[in-house]
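**Student:** Sending over a structure as structure tokens; questions will come in a sec.
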Amino acid sequence: MRPDAGRPADAVFGPGGSAWPPGHPPPAGEGPRTALPIHRGVPRHLEAHLARLRAGAEALGQEVPWLAGATVELGSWLALEPISESALRLVLHLELRLLAARLEALPSTPDPYRLAPLPHPMGDLRSNPLAPHKGLSGPWRPPAMAEAHHRGAEDALLLWPDGTLAETAIAAVALERGEALILPPAPGRVASVAERLDLPAWAEARGLALETRDIPLGTEGRLWCLNALRGIWPASLL
């Protein structure tokens, strides 16, 4: 991130925040998480990302009534000083009753954006009820990305055991074919905020009808990736 004078890059909010040592970075560990861009000082789709965190907690059987108060604290922190174009990463630490926030630079997207097809590291998650919730299916994404980089790609295109497309290590995928934009079925992959809130208007502006069906690897068409931080961008197979 561009250093905003006087603003730390990390902060914690919620009932456990008062006991957290000042100046210490947020705790490590897995948990419901999300990431969103801040443009001209305004967090994009913040309510949808908070709902994503809440849904992740509920999938683990935990209620988070304290998240509303933590959200108010987060808003006050973000309003302390003007924020440049930034990425805001949020993680719920349920046992500690903490909402951890980190401000970073918005990621750049390489062009071309090459995808290395790889078997999904977790096998088949399509029957796993936790899979749609970001951060709840295990820390497999960094190793998958590392393997893609080792092969000379920017990202990993993850495949289900039947050879159909799931998602990438960091994004949802879609295939433009004729006048259709085809999405893989939702089960097993992270529920995408960009797919739900940004993609319909993007596709409509291009005259593309959204469809959902299995996409075997090698199906002809133009690949697109999408996530909340980077938006929607073209990709190609390695």
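The values are calculated or read from the model by the stated rules, or taken from the named source; none is laboratory data. Everything numeric in this text was worked out from a predicted model, so none of it was measured. Backbone-built Cβ (ideal geometry, glycine too); neighbour counts: all protein chains shown. Side chains included, ligands, DNA and RNA excluded: accessible areas come from the protein's heavy atoms. Shrake-Rupley method; radii C 1.70, N 1.55, O 1.52, S 1.80 Å.
**Student:** Using a cut-off of 14 Å between beta-carbons, work out the net charge of the residues near A153 (Lys and Arg +1, Asp and Glu -1, A153 not included).
**Tutor:** Numbers: positive: R114, R151; negative: D111, E147, E154, D155.
Spelling it out: positives minus negatives among the neighbours equals -2.
**Student:** Given points 7 Å out from each Cα along the Cα-Cβ axis, report the W66 to A48 separation in nanometres with one decimal.
**Tutor:** It is 2.9 nm.
**Student:** Also: Using Cα pairs closer than 8 Å and at least 6 residues apart in sequence, work out the relative contact order for the chain, in percent.
**Tutor:** 20 percent
**Student:** Antiparallel DSSP bridges in the range 167-231: what percent, to the nearest 5? Before the final figure, lay out the partial values.
**Tutor:** On the way: 9 of 13 bridges.
Once the DSSP bridges in the range 167-231 are tallied, antiparallel ones form about 70 percent.
**Student:** Give the residue list of GluC sites (Glu not before Pro) in the range 121-199 that are DSSP loop and have at most 15 other beta-carbon atoms within 10 angstrom. Write out the running numbers ahead of the final one.
**Tutor:** Numbers: sites: E147, E154, E167, E176, E179, E195; in loops: E154, E179.
Answer in residue order: E179.
**Student:** If you don't mind, another one. Around R54, with a cut-off of 13 angstrom between Cβ atoms, what is the net charge of the other residues, counting Lys and Arg +1 and Asp and Glu -1? Spell out each step's value before the answer.
**Tutor:** Numbers: positive: R33, R52, K134; negative: E47, E58, E63.
Local net charge: 0.
**Student:** Helix 46-59 against the longest principal axis of the chain: what's the angle in degrees, Cα atoms only, rounded to the nearest 10?
**Tutor:** Tilt of helix 46-59: around 90 degrees.
**Student:** Another question about this same structure. Specify which residue in the list C225, G29, Q62 is farthest towards the positive end of the charge dipole of the chain, using unit charges on the beta carbon of Lys, Arg (+1) and Asp, Glu (-1), about the Cα centre.
**Tutor:** G29
**Student:** Another question about this same structure. Expressed in nm to one decimal, what extension gain is obtained for the pair E147 and H24 from 0.36 nm per residue of sequence separation less their Cα-Cα distance? Display every interim value, and only then the final one.
**Tutor:** Details: separation 123, 0.36 × 123 = 44.28 nm, distance 3.18 nm.
In short, 41.1 nm is gained.
**Student:** Now, a different point. Looking at the range 22-53, which trypsin sites (Lys or Arg not before Pro) are in a loop (DSSP not H, G, I, E or B) and have at most 15 other Cβ atoms within 10 Å? Spell out each step's value before the answer.
**Tutor:** Working: sites: R33, R40, R44, R52; in loops: R40, R44.
For trypsin sites (Lys or Arg not before Pro) across the range 22-53 that sit outside H, G, I, E and B with at most 15 neighbouring Cβ atoms in 10 Å, the list reads R40.
**Student:** While we're looking at this one, here's another question. Taking the Cα-to-Cβ direction at D10 and at D214 and moving 7 Å from each Cα, how far apart do the two end points lie in nm?
**Tutor:** It works out to 4.4 nm between the two label points.
**Student:** Rolling a 1.4 angstrom probe over the protein heavy atoms, how many square angstrom per residue are accessible across the chain? Show your work: numbers first, answer last.
**Tutor:** Working: 11400 Å² over 238 residues.
Using a 1.4 Å probe on heavy atoms only, each residue of the chain averages 48 Å².
**Student:** Among P161, P26, P117, which one shows the highest mean-square fluctuation when the chain is modelled as a Gaussian network with alpha-carbon springs under 10 Å?
**Tutor:** P161
**Student:** Which value, in debye to the nearest 20, describes the size of the charge dipole of the chain about its Cα centre when Lys and Arg Cβ atoms bear +1, Asp and Glu Cβ atoms bear -1, and nothing else is charged?
**Tutor:** Details: 22 positive and 26 negative charges, 46 e Å.
Computed charge dipole of the chain: roughly 220 debye.
**Student:** Specify the inter-centroid distance of the range 6-54 and the range 177-221, based on alpha-carbon positions, in whole Å.
**Tutor:** 29 Å
**Student:** Antiparallel as a % of all DSSP beta bridges within the range 63-157, to the nearest 5?
**Tutor:** On the way: 8 of 11 bridges.
DSSP beta bridges in the range 63-157 are roughly 75 percent antiparallel.
**Student:** Please sort by residue number the GluC sites (Glu not before Pro) in the range 72-142 whose DSSP state is loop and whose Cβ has at most 15 other Cβ atoms within 10 Å. The partial results should precede the final answer.
**Tutor:** Details: sites: E73, E85, E95, E104; in loops: E85, E95.
Listed in order of number, the matching sites are E85, E95.
**Student:** What distance in nm lies between label points placed 7 Å from Cα along the C-beta direction at R206 and E73?
**Tutor:** 4.2 nm
**Student:** Please figure out what share of the DSSP beta bridges in the chain is antiparallel and state it in percent, rounded to the nearest 5. Please list the in-between numbers first.
**Tutor:** Numbers: 37 of 48 bridges.
In the chain, DSSP labels about 75 percent of beta bridges as antiparallel.
**Student:** May I ask you to compute the full-extension gain from T164 to D124, defined as 0.36 nm times their residue separation minus their alpha-carbon distance, rounded to one decimal in nm?
**Tutor:** On the way: separation 40, 0.36 × 40 = 14.40 nm, distance 1.09 nm.
Here the answer is 13.3 nm.
**Student:** Compute the helix-to-body angle for 67-78: its Cα long axis versus the longest principal axis of the chain, expressed 0 to 90° and rounded to tens.
**Tutor:** 80 degrees
**Student:** Where does helix 141-150 land angle-wise versus the long Cα axis of the chain, in degrees 0 to 90, nearest 10?
**Tutor:** The angle comes out at about 50 degrees.
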